[in-house]
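The values are calculated or read from the model by the stated rules, or taken from the named source; none is laboratory data. This is a predicted model, so every value here is computed, not measured. Using ideal geometry, Cβ is built from the backbone for each residue, glycine included, and neighbour counts are taken over all protein chains shown. Calculation scope for accessible area: heavy atoms of the full protein, side chains included, ligands and nucleic acids excluded. Shrake-Rupley method; radii C 1.70, N 1.55, O 1.52, S 1.80 Å.
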Amino acid sequence: TAAADLSANDHAGSREVAERHQRIREGFPELEVVSVEHAQTDSLKIGDEVRVSLNVRLGPLAPEDVHAEFVYGRSGRYGELRDAETIGLELDSRLSDGVFHYTVKFPITRAGRFATGVRIRAAKVGPYDDVLADLTCWA
């Protein structure tokens, strides 16, 4: 069980999880979105392909510590995001100076006016990572 894994070897698993969480929490404020590119969403039609590109400087974090996402949905009366869908971006390459390039391409499956955003979140890789859910950087 997960609890047994944490307590084995004099709680080595617990220490490992705690150290990972502390490292991510301390490093997250150093994330820097360098650039975001995607098509204008006001003229998209069903079936149009959208390409999203993100360059982010991770600072002391590693690519496996974060998850990049494109969030889009209907645009409400005041520009708010409604009926949101989230599409994960894939790590494409490492550029210079600790900058990583993420991309995704996907077809639009619904019509309407869209509101969009790109965010970087702490990656959830284990059952105890929910405590990192508050770490989100919007671009």
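In square angstrom, what is the accessible area per residue of the chain with a 1.4 angstrom probe? Numbers along the way, then the final one.
On the way: 8280 Å² over 139 residues.
On a per-residue basis, 60 Å².
The spacing between segment 114-129 and segment 73-100, judged by their C-alpha centroids, is 10 Å. Looking at segment 20-53, the trypsin sites (Lys or Arg not before Pro) that sit in a DSSP loop and have at most 12 other Cβ atoms within 10 Å of their own Cβ are K45. For the chain, the alpha carbon convex hull comes to 132 Å³ per residue, rounded to a whole number. Only DSSP H runs of four or more residues enter the estimate; each adds -39500 (n - 2.57), and after division by the residues of the chain the mean residue ellipticity at 222 nm equals -6500 deg cm²/dmol. Just the protein heavy atoms count here, and of the accessible area of the chain at 1.4 Å, carbon and sulfur take up 48 percent.
If you take all other residues with their beta carbon under 14 Å from the beta carbon of V52, and give Lys and Arg +1 and Asp and Glu -1, the sum is -4.
Between the Cα long axis of helix 2-27 and the first principal axis of the chain there is an angle of about 50°, rounded to the nearest 10.
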